[in-house]
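Q: Mind looking over this structure? Questions follow.
The values are calculated or read from the model by the stated rules, or taken from the named source; none is laboratory data. Model, not experiment: these values are computed from the prediction. Here the Cβ is made from the backbone with ideal geometry for all residues, glycine too, and neighbour counts use every protein chain on show. When the accessible area is computed, the model is the full protein with side chains, heavy atoms only, and any ligands, DNA or RNA have been set aside. Shrake-Rupley method; radii C 1.70, N 1.55, O 1.52, S 1.80 Å.
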Amino acid sequence: MTRFLFPSILLAITALLFWAYIDPQYQIVKGLRAESQSYEEALASFREIQSVRDELTSRYNTFSTDDVTRLERLLPDTVDNVRLVLDINNIAGRYGLVIKDVRLSSLAKDPNKLGPENQEYGTLVLQFSVTAGYSNFVAFMKDLEDSLRVVDVSGISFKTAESQLADYDVAVQTYWLK
């Protein structure tokens, strides 16, 4: 009887030891392995992002400073209202035109759109008036279209007079990176 009792007690102690200590520790180790795996994946993603960043930085460094300046002028990272008005006035000056009645406004958020605004760019509307003949006005608008600064003409209205000149009210929309 003792011959079967001692192995049975050892078997019971082993089972109790397994359920009480070994299995909980094993579950903790499994959790730590899964956590370690997620950290390894995050580290691999970080290394991949770092290599892409390094590649983009080296490509950026190959650009000449003139090209970078032109890119910043194309889509600036801040709103520079004065620079925008001066650029448009310089274009108008080529045709002997003077812009007047300058008004700036930002586009209001669409009231039908709920939630945060996720656009990576901001929008500004510049309205101004200019008095010109038709051919000069068309040439001015063509140069404005071809300028480095991204502008969308959002409205044009005009009033004619008895002379060859007309008063044009122009609204343009421009953008910048947020």
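Q: Regarding region 34-84, what whole-number volume in Å³ per residue does the convex hull of its Cα atoms give?
A: Values: hull volume 4.5 nm³, N = 51.
In region 34-84, the Cα hull volume divided by residue count equals 89 Å³.
Q: Further, regarding this structure: In nm, to one decimal, how far is the N61 label point from the S154 one, both placed 7 Å along Cα→Cβ?
A: Rounded to a tenth, the inter-label distance reads 4.1 nm.
Q: Please give the calculated 222 nm ellipticity per residue for the chain, where each DSSP H segment of at least 4 residues contributes -39500 (n - 2.57) and the sum is spread over every residue; nearest 500 deg cm²/dmol? Before the final figure, lay out the partial values.
A: Values: 5 runs with 91 residues, N = 178.
The per-residue figure over the chain is -17500 deg cm²/dmol.
Q: Taking only the alpha-carbon atoms of the chain, what semi-axes of the equivalent ellipsoid follow from 5 times the gyration tensor eigenvalues under a square root, in whole Å, largest first? Don't skip to the end; give the middle numbers.
A: Numbers: eigenvalues 1111, 88, 17 Å².
Over the Cα atoms of the chain, the ellipsoid semi-axes are 75, 21, 9 Å.
Q: What is the angle, in °, between the Cα long axis of helix 65-74 and the longest principal axis of the Cα atoms in the chain? Nearest 10 is fine, range 0 to 90.
A: Approximately 80 degrees, to the nearest 10.
Q: Right, here's the next one. Under 26 Å between alpha carbons: how many lysine pairs meet that in the chain, if sequence neighbours fewer than 8 apart on the same chain are excluded? All intermediate terms of the calculation are to be shown ahead of the outcome.
A: Values: K100/K142; K100/K159; K109/K178; K113/K178; K142/K159.
The result is 5.
Q: Which angle between 0 and 90 degrees, to the nearest 10, do you get for helix 81-93 versus the longest principal axis of the chain when only C-alpha atoms count?
A: 40
Q: Give, in nm to one decimal, the length gained when the segment between K178 and L32 is fully stretched (0.36 nm per residue of separation minus the Cα-Cα distance).
A: On the way: separation 146, 0.36 × 146 = 52.56 nm, distance 4.08 nm.
Fully extending the segment from K178 to L32 adds 48.5 nm.
Q: Can you give me the relative contact order of the chain as a percent, contacts being Cα pairs under 8 Å and 6 or more apart? Walk me through the numbers on the way to the answer.
A: Numbers: 162 pairs, mean separation 38.0, N = 178.
Averaging sequence separation for qualifying contacts and normalising by length gives 21 percent for the chain.
Q: While we're looking at this one, here's another question. Find how much the distance from N81 to D146 grows on full extension, using 0.36 nm per residue of separation minus their present alpha carbon separation; answer in nm with one decimal. Walk me through the numbers on the way to the answer.
A: Details: separation 65, 0.36 × 65 = 23.40 nm, distance 1.92 nm.
Difference between extended and current length: 21.5 nm.
Q: As I understand it, the dipole of the chain uses +1 on the Cβ of Lys and Arg and -1 on the Cβ of Asp and Glu, about the Cα centre. Which of V102, A34, T78 lies farthest toward its positive end?
A: Of the listed residues, the answer is A34.
Q: Could you give the length gained by full extension between E40 and K100, i.e. 0.36 nm per residue of separation minus their alpha carbon distance, to one decimal place?
A: Here the answer is 15.4 nm.
Q: With a 1.4 Å probe and all protein chains in place, put E35, E40 in order of accessible area, largest first.
A: Numbers: E35 80, E40 105 Å².
Largest accessible area first, the residues go E40, E35.
Q: If you line up the long axis of helix 2-17 against the longest principal axis of the chain, both from Cα atoms, how many degrees apart are they, to the nearest 10?
A: Taking the Cα atoms of the chain, the angle to 2-17 is about 10 degrees.
Q: Taking the simple approach of a point 7 Å from Cα along Cα-to-Cβ for both I9 and S51, what is their distance in nm?
A: For the pair I9/S51, the computed spacing is 6.3 nm.
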